[in-house]
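Heads up: the structure comes next, in structure tokens.
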Amino acid sequence: MPSVKIPIGPQHPALHEPALFDLTLEGERILEMQLKLGYNHRGIEKACEERSYIQDIYLLERICGICSHSHSTAFCMATEEVAGLQVPPRGQYIRTLVAELERIHSHLLWLGVAGHETGFITLLMYTWRDREVVMDLLAMLTGNRVNYGVNTIGGVRRDFTAEQLQQILKAMDALEERTKYYIEVAASEPTLAKRLVNVGYLSPGDAMKFNAMGPTGRASSVDRDVRRDDPYLAYGDVQFKVVTDTHNDVFGRTLVRVGELMESYSIVRQLIAKMPDGPVKVKAPRKIPAGEGVARYEAPRGEDIHYVKGNGTDKPERVKVRAPTMGNLAAVGKMLENNNLADVPVVIAAIDPCFSCTDRAIRVTDLSKGRTELLTWKELRQHGIEWYRREAGVDFSRLNKLLAAR
Amino acid sequence: MSLLSKLQSWARRKSPWIIHFNTGACNACDIEIVAALTPRFDVERLGVLIKGTPRHADVLVCSGPLTKNVRARLVRIYAQMAEPKFVVAVGSCACSGGIFDGCYNIDGGIDQAIPVSAYIPGCPVRPEAIIDGVVKLLSTLEEKPAPKKAELPEKVAAHG
Amino acid sequence: MVNTAEMKQSLEGKFDFLAGKVAVQRERRVFVEVPADRFREVLEFSMKELGIDWISTLTGLDEKETLAVVYHVSGAHGIVLNIKIRVPRDNPVIHSVTDLFPACANYERELDDLLGFVVEGLPPGNRYPLDDNWPKDQKPLRKDWKPAKAAS
């Protein structure tokens, strides 16, 4: 369909504006990286002190649109600890079910993003189509595709019916089949390997030194997972493997996430098989007593930690949240050392960062050329795709056709 | 309207080039915007294309509340787009600050910095509502000439 | 691997100023307040003898007469040890732990930006999380700070 281009004058990159990433290169090789964060700092922790605990559940859910259940659950857990409340088992199971469904749709989203960043576009289309299965389930169970609002202090606000649980089981079967196919493709396609193997290297020693968490850490042998080490919700009742890998690179981070998808399907089936009867919540007082609570939760991206301090009123004295991406950004500089500019989008995407990369500016200073320029994320991605096509013959057109024909 | 501007108006309506900018959102709306591109919703069949740079875009699709850190960048992006240009506020945060209204680092919705042509509320907005809002906006182009820079366009509210 | 009860015993046994002061809120949740000038010792002991190798985050608190920091640390055993120190409100100086935990840098910068702590030994880097244009004397997480006071 033809489109009319409106010509405008030459583009002048505004070098004064803050860039998220500041890269110093020698030719194509990265020497140094500086991060400037805080662009989406909203002032949520302060706002929590000015709103009631119930209002804070809805606020914290919206820290991040993909980890929303992680944040609302961690907050409720920390508050319940301060108030001495015991959530009934059926409520715990429901929270855990939603948690694993969230992990599934988050990892499927990530697989699609990985495809997008490398030029493997069909992978994005396929995984996001699969993800819609989970979005539909969540909308059916909770009323919304995102930001489910399922938690309250003391438990959950909705119960699930036997029919709904059956639908979840059917969806797990379908998704497991498709995921097995992606594993086949990911493990055996040399084109994908060229973009991911030895890229973003993080040694096990460095991963531990930086406390790299979630799949990022586990792909460098950091054998930590809050669900196993510090059990919460219903995780004590189910069997699952903590998936680690020894590749120490982006390829490893991909394998860990795909492995975790398979574990999540199994966890969901176990939860439904063992689902206890009974109430889904206990009544919570409006005023939460003085005291402190610390909750940890294994979000799709890694450890999420919430600290809540009560003061006997209906508003918290202090709420502190450290979302997992914050914990992993410190390791990114290490990962990019001696990598190429062409690898930047993939390495950053591989920590599954919880911020939108569609618009962040990247400032690149090439010492060998004596020049600084401002790139958009899209320009950086294109550079990566073209560089690899030129230097390593990586071309996804055959694979895109293959997957599209299926 | 001259023949050329009628043609441009029609072509723009049939095939808008979009730039997507997130001012500080939780990403829920951003993901629904991208989901609108995937096969299930598939806006590409309508000729809608997402571009990376302001200079090729007709429509600025914005998600997120206006944070102080990002304000200057948003204004600059808007300035870099050529006339006629339109701005769509996607999600309750972009419309008014949403649930973050009152937080110390938030100035409200994006209309506190740039003129907005269409507001699509929702938390987050469903992909169908995003498509519906963009199509509604573009259908108004046939009825009247593109708004001048100095004018504040009428609000075209879409259901969320 | 050490368990919750053993962690309490060990800390109280090693440091006489902690006798009777280590609180076990529940399994895997230990809370203790430590004098600011003994903090480093307690942290290093925990890393050497109590399996502490992980820092989850730092929480800064405005407690009216004093400012406080809670260090949330843990290890493979899954126990979260929450170590709180207090410093005077008019001289809130703390020392960086980035030599032990490099990932702490932004957690410590946040204590400066939002609460006004002075962190000695913090490696150079961009401020976090506030914008460069935010006035440096406005500390939004302080209890006496209200938005109207900030220059926009």
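The values are calculated or read from the model by the stated rules, or taken from the named source; none is laboratory data. Because the structure is a prediction, the values reported are computed rather than measured. All Cβ positions, even for glycine, are placed from backbone atoms using ideal geometry, and neighbour counts span all protein chains on display. Keep in mind that these areas ignore ligands, DNA and RNA; they rest on the heavy atoms of the full protein, side chains included. Shrake-Rupley method; radii C 1.70, N 1.55, O 1.52, S 1.80 Å.
Given the condition within 27 Å of C:Val30 (Cβ to Cβ), open to solvent by 10 Å² or more (accessible area, probe 1.4 Å) and either assigned to a helix (DSSP H, G or I) or not basic (Lys, Arg) (or both), answer yes or no: does some residue in segment A:105-114 qualify?
Taking every residue of segment A:105-114 in turn, none turns out to be within 27 Å of C:Val30 (Cβ to Cβ), open to solvent by 10 Å² or more (accessible area, probe 1.4 Å) and either assigned to a helix (DSSP H, G or I) or not basic (Lys, Arg) (or both).
Within segment A:371-392, the set of residues being modelled with pLDDT of 85 or more and open to solvent by 40 Å² or more (accessible area, probe 1.4 Å) comprises A:Gln382, A:His383, A:Glu386, A:Trp387, A:Arg389, A:Arg390, A:Glu391. Based on this model, can you work out whether A:Arg228 counts as touching a Ser or Thr at 6+ places or on another chain (Cβ under 9 Å) and either in a helix (DSSP H, G or I) or open to solvent by 60 Å² or more (accessible area, probe 1.4 Å) (or both)? No. Among the residues of segment B:60-69, is any open to solvent by less than 40 Å² (accessible area, probe 1.4 Å), closer than 29 Å to A:Gln55 by Cβ, at pLDDT below 85 and not charged (D, E, K, R)? Looking for residues that are open to solvent by less than 40 Å² (accessible area, probe 1.4 Å), closer than 29 Å to A:Gln55 by Cβ, at pLDDT below 85 and not charged (D, E, K, R), one finds at least one in segment B:60-69, hence yes. Checked against (1) in contact (Cβ under 8 Å) with a residue 60 or more places away in the chain; (2) more than 16 Å from the chain's Cα centre (by Cα), A:Ser220 meets all criteria but (1). Filter segment C:1-17 down to residues that are more than 23 Å from A:Val82 (Cα to Cα), in a helix (DSSP H, G or I) and open to solvent by less than 70 Å² (accessible area, probe 1.4 Å), then give me how many there are. Residues flagged as more than 23 Å from A:Val82 (Cα to Cα), in a helix (DSSP H, G or I) and open to solvent by less than 70 Å² (accessible area, probe 1.4 Å) within segment C:1-17 amount to 5.
All told, A:Leu192 falls short of being more than 17 Å from the chain's Cα centre (by Cα), surrounded by 20 or more Cβ atoms within 10 Å (Cβ to Cβ) and in a loop (DSSP other than H, G, I, E, B). Looking at the structure I just gave you, is C:Ser46 away from chain A (no Cβ under 14 Å), within 22 Å of C:Phe117 (Cβ to Cβ) and open to solvent by less than 10 Å² (accessible area, probe 1.4 Å)? It is true that C:Ser46 is away from chain A (no Cβ under 14 Å), within 22 Å of C:Phe117 (Cβ to Cβ) and open to solvent by less than 10 Å² (accessible area, probe 1.4 Å). Here is a check on your reading of the model: is A:Ile183 open to solvent by 50 Å² or more (accessible area, probe 1.4 Å) and among the aliphatic types (A, V, I, L, M)? Taking the combined requirement at face value, the residue satisfies it. Of everything listed in (1) at positive phi; (2) over 18 Å from the mean Cα position of the chain (by Cα), the single unmet condition for A:Asp206 is (1). The single residue among A:Glu263, A:Glu298 that is closer than 30 Å to A:Val346 by Cβ and out of contact with any Gly (no Cβ under 8 Å at 6 or more places or on another chain) turns out to be A:Glu263.
Conditions tested, residue by residue: (1) open to solvent by less than 20 Å² (accessible area, probe 1.4 Å); (2) within 28 Å of the chain's Cα centre (by Cα); (3) over 27 Å from A:Gly65 (Cα atoms).
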position	(1), (2), (3)
A:Met262	no, yes, no
A:Leu271	yes, yes, no
A:Met275	no, yes, yes
A:Ala284	no, no, no
A:Val294	yes, yes, no
A:Asp304	yes, yes, no
A:Val308	yes, yes, no
A:Gly312	no, no, yes
A:Lys315	no, no, no
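With respect to the conditions (1) at positive phi; (2) surrounded by 21 or more Cβ atoms within 10 Å (Cβ to Cβ), A:Thr142 lacks only one, and its number is (1). Each residue in segment A:207-216 was checked for being buried (at least 23 other Cβ atoms within 10 Å of the Cβ) and within 10 Å of another protein chain (Cβ to nearest Cβ), and 4 pass.
Regarding segment A:395-403, can at least one residue be identified that is of a type outside the set (Gly, Ala, Ser), out of contact with any Gly (no Cβ under 7 Å at 6 or more places or on another chain) and either assigned to a strand (DSSP E or B) or within 14 Å of chain B (Cβ to nearest Cβ) (or both)?
yes
Cβ-Cβ contacts under 7 Å between residues 6 or more apart (or on different chains), taken from a first residue in segment C:11-39 that is over 27 Å from A:Arg296 (Cα atoms) to a second residue that is open to solvent by less than 10 Å² (accessible area, probe 1.4 Å), are listed as C:Phe15/C:Val42.
What pairs come out if I take residues in segment A:37-65 that are more than 9 Å from chain B (Cβ to nearest Cβ) and farther than 12 Å from B:Ala25 by Cα and pair them with residues that are crowded, with 23+ Cβ neighbours inside 10 Å and hydroxyl-bearing (Ser, Thr, Tyr) whose C-beta lies under 6 Å away, six or more apart or interchain? Every condition considered, the pairs that remain are A:Tyr53/A:Thr79; A:Ile57/A:Ser72; A:Leu60/A:Ser72.
Being over 13 Å from A:Arg95 (Cβ atoms) and within 14 Å of chain B (Cβ to nearest Cβ) is the filter here; which residues of segment A:141-163 pass it? Across segment A:141-163, the qualifying residues are A:Gly143, A:Asn144, A:Arg145, A:Val146, A:Asn147.
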